[in-house]
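One structure is given below, encoded as structure tokens.
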Amino acid sequence: MIPSGVTVEEVFLGAAALFVVLAIMMFYRAVAGPTTQDRLLAVNVLGTNTVVILALLAAGLDEPWFLDIALIYALLNFLMAVAISKFTVERGGVL
Amino acid sequence: MIESIRFWAIIVLIAFGLFFTFVSAMGVLRLPDVYARAHTASQADTLGAGLALAAVALALGWQHATVYTVLLLFFVFITNPTAAHAIARSAAESGIDPWTKESEEEGETK
Amino acid sequence: MSPFALTLAVFILLTAIATALFRDVLSAIVVFGAYSLGMAILYTYLLAPDVAMTEAAIGAGVTTILLLLTIARTSRPPTDQLFERVSVPAVVAVGAFVLVTLTLLPDMYAVGTEDAPIWGGGVLEQTPSLYYLQETYADTGAQNAVSAVLASYRGFDTFGEAVVVFAAGVAVLLVLKREVFT
Amino acid sequence: MAAERVLVPLSDTVTVRQTVGYAVQSGLERADELEVHLVVALPHEADLIEGQQETEAAKELLSKAANWVREDAGSGPITVETTLLGTDEYLFGPRDFASAFDDYAREHDIELVVLDPEYQPGATAQMLQSIERELDAVGLAYDEAPVERPARHERLVGDGTERFDRLFALFWISYGFYLILGDPTYWFDLVTGAAVAGIVSVSLAHITFTFPLDRIQSPIRTLRFGLYVPYLIWEIVKANLAISIVILRPSLPIDPTMTRLNARVRGGLPLLALANSITLTPGTLVVRGDDQRLIVHTLIPSAREDLFDGSLERAVRFVFHGREAAAIASPRERGDTEILGGDEQ
């Protein structure tokens, strides 16, 4: 009962496109703020979104090793949030 | 038959993943302050990412790369609450007051 | 252009413009993080996972911390304005650049097209690597194939890179000088 | 002349014996008559399962120390009092310890505390302020016993078997991770993975685990953690649905509140697990965590009720202390919850 003319790959690419649309929506919060923490939060959610989009691309383009890149993002994404949070509290104490 | 079940399962998983990410995006846009927005951020991290990654795992089938999706979810689950906590704490320490019903009723401008 | 590439391009353009326009440096750094996320997806989509991996490691981790260290050691101008005022000459310059790029773009090979030299069609009869190894001396007179590729075949590319590195060096000198003499 | 009274807080350190000896000796030099108050402050509630063992150990330490005092004093005019502190209240770190000592000192008219330089107030003390500073803050005079102690780093790293346990655990964790990313059937990956895991474990083992590993408990905890994950996911799904309904309603019926929760979970890793789980569940967000006092921001009333019911806390206690420890009263019943006003934290 698979609808003709639609492949799983296309579904994944379409879903990735929709996730990018949601990312654009969240990006409004990153621009509008009003505080640095709001922006940081929005970009942090965008980071999780990126992990998902990369995974969807890996399935959609049938290149499973793209998941390596997603893995790096999953591991590193929170660094920026933690670094900037620390920076805003104790100015200069980044590391 | 199996193929068509798998296809529809993937569609359903992706649809729910998109739905929860959409809810999270709406929350990030609609909610009044940074603390409240952080709650919905964890929605995208948990069910949004989780269901979409489950769809990917289903599509990749039984191969080595499928383990990666589980690892991905594991790291997202470990690191993102840490980031959310860091952001909320930095907001608290820079003196951002949480929005409450009362402050809305008193008509305070945020 | 697929819908995915289109939305991604919109996202990257939005983040890039926002990064350029933010008046507050800290906000610009945060938004730049979003730009770097978009670029990593784009590199992955264009099948350049090595670049994407570098972007992931550098963009998500190192750049932010380097930029934060920089603004910790320099000054962050206090401001009430959210965005930078747009200066007309800058817009004209950027607009001219975009115009030139857009006119030249259609002449380039499309991504993955069969006509591209790398697939053996078009102007070349063999693969590029073999071509460079065999014809470098005749084409350029250089003895070393690597130098010939860097300085001659892709000379403009190398020139652009050199300009970027030079500008970065000048910027570093300016920052350091300011710290020493004030 | 009235008898000299000193307070000696005890904990199980390598220098506790010398401290007691110093307290007796210096006390007898200053006055003819000496009253030594030996106290052990318990960080745990005595009625909890994992606390009972510590209570036994504390009582044993007290009776041993009382014998040491009599031994050192010989026939000197000396009286010994032994007390357990903290049996009816929580002691959260140095500040509470210092104030508990101060209360005790006031009650018994004691002017001097003889402090063991290695004294550890509670389990998570390294990151908090030292007990010395807190004693200064409450204005209680103290005298640090001049003890000879073995070099400090040896004590922190632990003895040989503990060191081996850490190396062993970290080696297999990193080797496993390497092989998951690589190909476990390819000899090259097996060899390089072993080399990388070796380098990682040797260089990082002493900072990866900030707590002593237990050969029996640690694997059991890992298994119980495996049971905990499905439960956590179930909680997350429930909370997600509740929050989604709230966000999609046009009227946006939210009621954000700051609450305080005193969690009965102790130590770095269990607290991290609890705080991360709370934050991961939509509707609750840990804003601050000062040792056991968690400041939690809750978005809707039902999420707040779930938090106060303490099901996640119980599950984390199950992971780290076993089934019996999970059966405790909910935070609401214990009176460990508090709704803070919006503008103060």
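Structure data summary
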{"read-out": "Candidates D:205, D:145, filtered to the one that is away from chain B (no Cβ under 14 Å), at pLDDT below 80 and under 30 Å from residue D:322 (Cα atoms)", "value": "D:205"}
{"read-out": "Single match in B:42, B:4 (criterion: buried (at least 24 other Cβ atoms within 10 Å of the Cβ) and either at the interface with chain A (Cβ under 7 Å from one of its Cβ atoms) or closer than 18 Å to residue D:236 by Cβ (or both))", "value": "B:42"}
{"read-out": "Test: residue in the stretch B:10-20 that is at pLDDT 85 or above, at the interface with another protein chain (Cβ under 7 Å from one of its Cβ atoms), part of a helix (DSSP H, G or I) and under 25 Å from residue D:277 (Cβ atoms)", "value": "yes"}
{"read-out": "Boolean, residue A:32 is more than 7 Å from every other protein chain (Cβ to nearest Cβ) and farther than 22 Å from residue B:50 by Cα", "value": "yes"}
{"read-out": "Search result, residues across the stretch D:168-187 that are more than 30 Å from the chain's Cα centre (by Cα) and either in a loop (DSSP other than H, G, I, E, B) or β-branched (Val, Ile, Thr) (or both)", "value": "D:180, D:182, D:183, D:184, D:185, D:186"}
{"read-out": "Subset of the stretch A:12-56 [in contact (Cβ under 8 Å) with a residue 40 or more places away in the chain and more than 21 Å from residue C:40 (Cα to Cα)]", "value": "A:36, A:37"}
{"read-out": "Residue ID - farthest from the other protein chains (Cβ to nearest Cβ), chosen from residues in the stretch D:237-263 that are within 20 Å of residue D:330 (Cα to Cα) and surrounded by fewer than 22 Cβ atoms within 10 Å (Cβ to Cβ)", "value": "D:262"}
{"read-out": "Tally, over the stretch A:15-66, of residues that are assigned to a loop (DSSP other than H, G, I, E, B) and among the polar types (S, T, N, Q)", "value": "1"}
{"read-out": "Conditions (1) touching a Leu at 6+ places or on another chain (Cβ under 8 Å); (2) of a type in the set (A, V, I, L, M, F, W, C); (3) buried (at least 24 other Cβ atoms within 10 Å of the Cβ); (4) at pLDDT below 85: number failed by residue B:31", "value": "(3)"}
{"read-out": "Among (1) more than 7 Å from chain B (Cβ to nearest Cβ); (2) buried (at least 24 other Cβ atoms within 10 Å of the Cβ); (3) not charged (D, E, K, R) - the single one residue A:41 does not satisfy", "value": "(1)"}
{"read-out": "Single residue of the stretch D:300-312 satisfying the filter (under 26 Å from residue D:223 (Cβ atoms) and touching a helix residue (DSSP H, G or I) at 6+ places or on another chain (Cβ under 6 Å)) that is modelled with the highest pLDDT", "value": "D:312"}
{"read-out": "Test: residue B:27 is within 12 Å of the chain's Cα centre (by Cα), more than 7 Å from every other protein chain (Cβ to nearest Cβ) and either under 29 Å from residue D:275 (Cβ atoms) or charged (D, E, K, R) (or both)", "value": "no"}
{"read-out": "Lone qualifier among A:16, A:55, A:23 - being at the interface with chain B (Cβ under 7 Å from one of its Cβ atoms) and buried (at least 24 other Cβ atoms within 10 Å of the Cβ)", "value": "A:55"}
{"read-out": "Selected residue (only one of C:86, C:25 is of a type in the set (A, V, I, L, M) and more than 17 Å from residue A:39 (Cα to Cα))", "value": "C:86"}
{"read-out": "Boolean, residue B:95 is more than 9 Å from chain A (Cβ to nearest Cβ), over 30 Å from residue A:7 (Cβ atoms) and outside any helix (DSSP H, G or I)", "value": "yes"}
{"read-out": "Residues of the stretch D:227-263 that turn out to be in contact with a Lys or Arg (Cβ under 7 Å, 6 or more places away or on another chain) and touching a residue at least 60 places away in the same chain (Cβ under 8 Å), as a count", "value": "4"}
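The values are calculated or read from the model by the stated rules, or taken from the named source; none is laboratory data. Everything quoted here is computed from the prediction, not taken from an experiment. Here the Cβ is made from the backbone with ideal geometry for all residues, glycine too, and neighbour counts use every protein chain on show.
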